[in-house]
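The values are calculated or read from the model by the stated rules, or taken from the named source; none is laboratory data. All figures in this text were calculated on a predicted structure; none of them were measured in a lab. FYI the Cβ positions are ideal-geometry reconstructions off the backbone, even for glycines, and counts take in every protein chain you see.
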Amino acid sequence: MSESESIYGPYRPVLEKVQSYLMDEISMVRQNVSRENGYDPVEHCPTRIKGEDSMREKCRRQNIPETTYSALETIHDAIGIRIVCAFLNDVYLFRDHLVSLPDTEIVQEKDYIRHAKPNGYRSYHLILKIHTPGGLVNDVDQKPHVYAEIQLRTISMDTWAALEHHLKYKKNISGSNQELIVEELKRCADELASTDVSMQTIRDMIHEL
Amino acid sequence: MIILLAEDTRDLNRVETAVLEHAGYTVDSVFDGQEAIDAIEKNGYDLVILDVMMPKKTGIEVVEQMRRENITTPVLMLTAKTEVDDRCAGLDAGADDYLAKPFALKELLARVRALTRRKKEYGDEKLSFADLTLDGSTFELVSENTVRLSVKEYELLETLMQNRDRELDTDYLLEKVWGSDPEATPDTVWLYVSYLQGKLRSVASKVTISGERGGSYRLLMAVREQA
């Protein structure tokens, strides 16, 4: 697909620039923690620029025109980063660092760790607006910017979400079975959340020694 | 509620079965110790009633074998022997109670009721404190969110909730929750209090546990910033 046909128009380079800026910031925190505490707080950290097809599909689903403006202004996850941490407190460490970056605003923040979803889903969702030269200018404020969606969670929350995702796309589970599986997944989520707290407590205790 | 009755005297077996069935229990009747073992290994029972003197295997041998196989079903012994030593032998072998023959059928029913009642130790009971519920049947700690507690976490929090107006010191909690566990120390109590403090936060409860390492603890309502 040639550049002119991209739903991102001429903005792909700025998306990539902001993506790598955020990844560098995450790396820096990782290195600091490694140096001070002797372990890498991040288990893995996948990132992507949302694919063309997937972005167009999202526009259609939301009944908005398939335009560059929709992709960069109405939809906020053109840049996606998921930070998967070993321990609970590290989630908040990264959150605090990212929201304090210069030229960065919080657009939306949802703490589904403290306030879990009814099905047991836990994760910290952050949508950031990063002001940067070369970004899109919208009708309201004149500062060029792009958005990034950042999900922060622990390894066990990530494992749980992966399993729950499988269920969502498995259509041929009979009714009563479906109910049992949903209930059991909720139970697992609550047990994992409990274990995350225990592991954090043990880590803190080791640290005090 | 299903009861296994092992009694080799035919007439007595018939009468006891009829009385228990009349009281609403489902009864499997057998006539010797081997039949009793076979039935116990095959089916689940809420209570086992064993005559001591039976052919093939005595009631004491049956209860010993049950406990060796980790079958914890309550056992009521029926004994013609009224010597103290014989009664103790049955209890020491793993029986939960005994009844000396001849006995009143009314007393048999009362003991059956008492022994089947005892099964609900954790109960299906729910304890509440402020914005918190602790569910004894699932070990769930519920406030805005839910987490599942381990057995010791549950017992510790249950104790604190049952004594909400009192400070409980480390020694008391150690004895009450960890009993005779030789590995448990005052630091174990502190670690489990710390676990619970974290878990109370993770269900977004306003309740917290106050107290210092090695000191006394109690539940408190805290004014906490909601994240």
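B:E153 - would you say it is buried (at least 16 other Cβ atoms within 10 Å of the Cβ), more than 13 Å from chain A (Cβ to nearest Cβ) and either touching a residue at least 24 places away in the same chain (Cβ under 8 Å) or not in a helix (DSSP H, G or I) (or both)? Spell out how you get there, then give the answer.
Working: buried (at least 16 other Cβ atoms within 10 Å of the Cβ): yes; more than 13 Å from chain A (Cβ to nearest Cβ): no; either touching a residue at least 24 places away in the same chain (Cβ under 8 Å) or not in a helix (DSSP H, G or I) (or both): yes.
Criteria not met by B:E153.
Kindly check whether there is at least one residue in region B:198-219 that is over 19 Å from A:R122 (Cβ atoms), out of contact with any helix residue (DSSP H, G or I) (no Cβ under 9 Å at 6 or more places or on another chain) and away from chain A (no Cβ under 11 Å). Scanning region B:198-219 turns up at least one residue that is over 19 Å from A:R122 (Cβ atoms), out of contact with any helix residue (DSSP H, G or I) (no Cβ under 9 Å at 6 or more places or on another chain) and away from chain A (no Cβ under 11 Å).
Is there a residue in region A:33-44 that is in a helix (DSSP H, G or I), touching a residue at least 40 places away in the same chain (Cβ under 8 Å) and surrounded by 13 or more Cβ atoms within 10 Å (Cβ to Cβ)? Within region A:33-44 (the criterion being in a helix (DSSP H, G or I), touching a residue at least 40 places away in the same chain (Cβ under 8 Å) and surrounded by 13 or more Cβ atoms within 10 Å (Cβ to Cβ)), the answer is yes, since at least one residue qualifies.
Of all residues in region A:116-167, those satisfying the criterion of being more than 14 Å from every other protein chain (Cβ to nearest Cβ), of a type outside the set (A, V, I, L, M, F, W, C) and assigned to a strand (DSSP E or B) are A:K129, A:H131, A:T132, A:P133, A:G134, A:G135, A:H145, A:Y147, A:E149, A:Q151. Among the numbered conditions (1) polar (S, T, N, Q); (2) at the interface with chain A (Cβ under 10 Å from one of its Cβ atoms); (3) out of contact with any Asp or Glu (no Cβ under 7 Å at 6 or more places or on another chain), the only one that B:T146 does not meet is (3). In a residue-by-residue description of region B:164-187, the property of being within 14 Å of chain A (Cβ to nearest Cβ), out of contact with any Ser or Thr (no Cβ under 8 Å at 6 or more places or on another chain) and touching a residue at least 12 places away in the same chain (Cβ under 8 Å) applies to at least one position.
Results for (1) surrounded by 13 or more Cβ atoms within 10 Å (Cβ to Cβ); (2) at positive phi; (3) at pLDDT 90 or above, shown as yes or no for each residue.
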{"position": "B:L12", "(1), (2), (3)": "yes, no, yes"}
{"position": "B:V19", "(1), (2), (3)": "yes, no, yes"}
{"position": "B:S29", "(1), (2), (3)": "yes, no, yes"}
{"position": "B:P55", "(1), (2), (3)": "no, no, yes"}
{"position": "B:N70", "(1), (2), (3)": "no, yes, no"}
{"position": "B:D86", "(1), (2), (3)": "yes, no, no"}
{"position": "B:D97", "(1), (2), (3)": "yes, no, yes"}
{"position": "B:A110", "(1), (2), (3)": "no, no, yes"}
{"position": "B:K126", "(1), (2), (3)": "yes, no, no"}
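Residue check: is A:I113 within 20 Å of A:E16 (Cα to Cα), surrounded by 15 or more Cβ atoms within 10 Å (Cβ to Cβ) and either within 14 Å of chain B (Cβ to nearest Cβ) or under 15 Å from the mean Cα position of the chain (by Cα) (or both)? Taking the combined requirement at face value, the residue does not satisfy it.
Just one of the numbered conditions (1) touching a residue at least 12 places away in the same chain (Cβ under 8 Å); (2) of a type outside the set (G, A, S); (3) in contact with a strand residue (DSSP E or B) (Cβ under 9 Å, 6 or more places away or on another chain) is not true of A:E164: (3).
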